[in-house]
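Have a look at the structure below, then the notes.
The values are calculated or read from the model by the stated rules, or taken from the named source; none is laboratory data. Since the model is a prediction, treat every value here as computed from it, not as a measurement. Here the Cβ is made from the backbone with ideal geometry for all residues, glycine too, and neighbour counts use every protein chain on show.
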Amino acid sequence: MSIKSLSLPFVLALSLFMALLSACGGDTPPDLVIPTVAATADPNLPPTAVAAISPTAPATVTLPPPATAILATATNTPAPTPIPPSATPPPPTPTLAPTTVPPTIAPPTATPVAAAPVYRVAFVAANDMLNVRRQADADSTVVGQLSPAATGITVVDEGQSVRGGGLWLPVETTAGSGYVNSRFLTEQIDRATFCADPAVNDLLNRLQTVIVTEDVALLGELVHPTRGLRLRLNWWNEEIIVREDGITDLFRDRRRDAVNWGTDEGSGETIRGTFSDVMLPFLTRDLLGATQWACDELLYGPTAGLITLPEGYEAVHFYSAHRPAPAAQEFDWGTWAVGVERWEGRYYISYLVHYRYEI
């Protein structure tokens, strides 16, 4: 049988078999050259295209994903309802112009201005009046008088210091305009504000430090230099006013510093001595030993005497520091009324008044 009579598939299969036998003989496969066979096959068969055969692995063919079949849902679509024509067509909807919102301009932040203080009369006895004078002088003409309970007094300008007479302030009052001695004025403040102010508690704590350490420099910070500190051994005894020049010598135990503190309640004898002799022992025992405190209220124990503030002192707010008596000695108690006034926006210790059992 001749080669011409062989079919084309047989020739291709034989060529592939010979290539495989050659590959088994070594590590490096030989380059295969497959001759193209001329199309001399049976003329009665249709011609077959010859594909080139590559020795490498066939390329990976990425098939496109199958098409997603979308199933049409058979729904019964109702026929549209015919709308009868309107004789008058509806008016077109007007298009509104956009509203322009003006930008919000924040007002400038203004620095708060502290309100000018208002004053009231203080330290004037119930049967006395405070004179308003034409000039800053105790001998000047009286242009008006203020009662011990007068309030709403306005200071209109800076004061004038007078030698030996303190500071005089120009005021406007319902009784007239003029000058009054600042010793008899105090800044007006409501009770709720005073009792809730932590600055007052700080002032009271520092006062106790002064008593413990006898620190006159610290005491000078707590007492206004010209208004001074008012001291009373008993509420009904004489008032002692200690000003700037006396603060530095307050704790010195010198004979020349002795003063009269009033009379003894039992014997009626004059009580004379220094601050350290007479007042400091009661401050140490009763104020430092106080276990009860009250704002604008006097706390005290049993007594046959009257317990009240001296006349005019009620114009200044205060705290009472009370040391209760021991259980077996009901009359052995002590109380201090500590007056605290605000002057030019700052708190100062204004007065110290002592209370104890009286016959």
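If the condition is being within 23 Å of Gly273 (Cβ to Cβ) and among the acidic types (Asp, Glu), then the range 205-232 contributes Glu214, Asp215. Cβ-Cβ contacts under 8 Å between residues 6 or more apart (or on different chains), taken from a first residue in the range 317-341 that is closer than 23 Å to Arg230 by Cβ and basic (Lys, Arg) to a second residue that is crowded, with 23+ Cβ neighbours inside 10 Å and modelled with pLDDT of 95 or more, are listed as Arg323/Thr335.
Looking only at the range 277-292, count how many residues are touching a residue at least 40 places away in the same chain (Cβ under 8 Å) and surrounded by fewer than 16 Cβ atoms within 10 Å (Cβ to Cβ).
Within the range 277-292, the subset touching a residue at least 40 places away in the same chain (Cβ under 8 Å) is 278-280, 282-290.
Narrowing the set further to residues that are surrounded by fewer than 16 Cβ atoms within 10 Å (Cβ to Cβ) leaves 284-285, 288-289.
So the count comes out to 4.
Return the total of residues in the range 139-174 being over 42 Å from the mean Cα position of the chain (by Cα) and surrounded by 14 or more Cβ atoms within 10 Å (Cβ to Cβ).
6
Residue pairs whose Cβ atoms lie under 7 Å apart, sitting 6 or more positions apart in sequence or on different chains, and linking a residue in the range 114-133 that is in contact (Cβ under 8 Å) with a residue 60 or more places away in the chain and farther than 12 Å from Glu311 by Cβ to a partner that is of a type in the set (A, V, I, L, M, F, W, C) and in a loop (DSSP other than H, G, I, E, B), are Arg120/Ala150.
Every residue, every condition in (1) in a strand (DSSP E or B); (2) basic (Lys, Arg); (3) surrounded by fewer than 22 Cβ atoms within 10 Å (Cβ to Cβ); (4) on the phi > 0 side of the Ramachandran plot, yes or no:
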site: Leu306; (1), (2), (3), (4): no, no, yes, no
site: Tyr319; (1), (2), (3), (4): yes, no, no, no
site: Ala337; (1), (2), (3), (4): yes, no, no, no
site: Arg342; (1), (2), (3), (4): yes, yes, yes, no
site: Ser350; (1), (2), (3), (4): yes, no, no, no
site: Val353; (1), (2), (3), (4): yes, no, no, no
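Going through Phe282, Phe318 one at a time, which residue ends up being among the hydrophobic types (A, V, I, L, M, F, W, C), at pLDDT 95 or above and touching a His at 6+ places or on another chain (Cβ under 6 Å)? Being among the hydrophobic types (A, V, I, L, M, F, W, C), at pLDDT 95 or above and touching a His at 6+ places or on another chain (Cβ under 6 Å) holds for just one of Phe282, Phe318, which is Phe282.
Does Glu172 fit the bill of being at pLDDT below 95, assigned to a strand (DSSP E or B) and either touching a strand residue (DSSP E or B) at 6+ places or on another chain (Cβ under 7 Å) or aliphatic (A, V, I, L, M) (or both)? Taking the combined requirement at face value, the residue satisfies it.
Within the bounds of the range 293-302, is there any residue that is closer than 27 Å to Thr154 by Cβ, in contact with a His (Cβ under 7 Å, 6 or more places away or on another chain) and touching a residue at least 24 places away in the same chain (Cβ under 8 Å)? For the range 293-302, residues closer than 27 Å to Thr154 by Cβ, in contact with a His (Cβ under 7 Å, 6 or more places away or on another chain) and touching a residue at least 24 places away in the same chain (Cβ under 8 Å): present. A search for C-beta distances below 8 Å between a residue of the range 204-217 that is without any contact (Cβ under 8 Å) to a residue 40 or more places away in the chain and any residue that is of a type in the set (Gly, Ala, Ser), counting only pairs 6+ apart in sequence or on different chains, returns nothing.
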